[in-house]
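S.K.: Let me begin by handing over the structure; questions about it come next.
The values are calculated or read from the model by the stated rules, or taken from the named source; none is laboratory data. No experiment lies behind these values; they were computed from the predicted model shown. Cβ placement follows ideal geometry from the backbone for every residue including glycine, while neighbour counts extend to all protein chains displayed.
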Amino acid sequence: MKKLLLGVCLLIPALDGRAAQAPDTDTEANLAAAKISIQAFAASLQAELKTAMQSGGPVAGVAVCKTRAMEITVQAANAGMDLSRVSLRNRNPDNAPNSWQTAVLQDFERQKLAGEDVTALAWSETVDIDGNSEFRFMKAIPTAEVCLKCHGSTLAPGVGKVLSELYPQDKATGYKKGDIRGAFVAVRKLPN
């Protein structure tokens, strides 16, 4: 089980992916804070998923995602960095992407189809919104083998039932190993 969970769905491989650099003097600091926050979130969620799956299997893992993921997200935020997860095929309606996140996810899909390594897909920009600057970072979430128990075409026993109870609008099944399940998002409002 330990070996299987090393590649758990939300564990981030190296976060040295291609991130577009916007002309901002704090870009490196913002990138570093975003990566640290996402790594902390992924590690914390992975640890809780591992414990739950060891004691109660994939059904217990789904329960952890339902009850703990949002709290872990808030705890992992670093230095004013807001974190979230988004997906074009979200399980939780709260994880539906907005317009710019949708565009990035679609670009990640194009890059994957062009042969890019999903584990290296990352993007960032600094934008001006009504006179205020905002740093944005996204990192693709690859689908690992263990993810398929709850996100694949054939789910682990009991998972389908608990998904229909906890997530009646679930769109996050039918994935294959190596697919992009979504992305981690880090956003920081910048001082003027």
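S.K.: Select, from 113, 45, 105, 49, the only residue that is among the hydrophobic types (A, V, I, L, M, F, W, C), modelled with pLDDT of 85 or more and under 14 Å from residue 138 (Cβ atoms). Spell out how you get there, then give the answer.
M.R.: Details: 113 fails: under 14 Å from residue 138 (Cβ atoms); 45 fails: under 14 Å from residue 138 (Cβ atoms); 49 fails: under 14 Å from residue 138 (Cβ atoms).
Exactly one residue qualifies, and that residue is 105.
S.K.: How do the pairs read when you match residues in the range 137-165 that are closer than 29 Å to residue 186 by Cα with residues anywhere that are acidic (Asp, Glu), using Cβ under 7 Å and keeping only pairs 6 or more apart or on different chains?
M.R.: Qualifying pairs under 7 Å: 143/179; 163/170.
S.K.: Only one residue in 110, 85 is surrounded by 14 or more Cβ atoms within 10 Å (Cβ to Cβ) and basic (Lys, Arg), so which one is that?
M.R.: On the way: 110 fails: surrounded by 14 or more Cβ atoms within 10 Å (Cβ to Cβ).
Result: 85 is the single residue among 110, 85 that is surrounded by 14 or more Cβ atoms within 10 Å (Cβ to Cβ) and basic (Lys, Arg).
S.K.: Answer yes if at least one residue in the range 120-131 is over 16 Å from residue 42 (Cβ atoms), touching a strand residue (DSSP E or B) at 6+ places or on another chain (Cβ under 6 Å) and of a type in the set (Gly, Ala, Ser), and no otherwise.
M.R.: yes
S.K.: Could I ask something else about it? If a residue has to be out of contact with any helix residue (DSSP H, G or I) (no Cβ under 9 Å at 6 or more places or on another chain), hydrophobic (A, V, I, L, M, F, W, C) and under 15 Å from residue 93 (Cα atoms) to count, how many in the range 144-192 make the cut?
M.R.: 0
S.K.: Exactly one condition in (1) among the basic types (Lys, Arg); (2) part of a helix (DSSP H, G or I); (3) within 18 Å of residue 173 (Cβ to Cβ) is false for residue 112; which is it?
M.R.: (3)
S.K.: Among the listed residues 88, 83, 45, which satisfies the condition of being in a helix (DSSP H, G or I) and hydrophobic (A, V, I, L, M, F, W, C)? So that I can check it myself, show each step before the final result.
M.R.: On the way: 88 fails: in a helix (DSSP H, G or I); 83 fails: in a helix (DSSP H, G or I).
None of the other options fit; the residue is 45.
S.K.: What pairs can you find where one residue is in the range 167-192 and at positive phi and in contact (Cβ under 8 Å) with a residue 12 or more places away in the chain, the other is surrounded by fewer than 18 Cβ atoms within 10 Å (Cβ to Cβ) and in a loop (DSSP other than H, G, I, E, B), and their Cβ atoms are less than 6 Å apart, with a gap of 6+ or different chains?
M.R.: Final answer for the pair search is 174/153.
S.K.: All but one of (1) more than 17 Å from the chain's Cα centre (by Cα); (2) surrounded by 16 or more Cβ atoms within 10 Å (Cβ to Cβ); (3) basic (Lys, Arg) hold for residue 136; state the number of the condition that does not hold.
M.R.: Tallying (1) more than 17 Å from the chain's Cα centre (by Cα); (2) surrounded by 16 or more Cβ atoms within 10 Å (Cβ to Cβ); (3) basic (Lys, Arg), residue 136 fails exactly one: (1).
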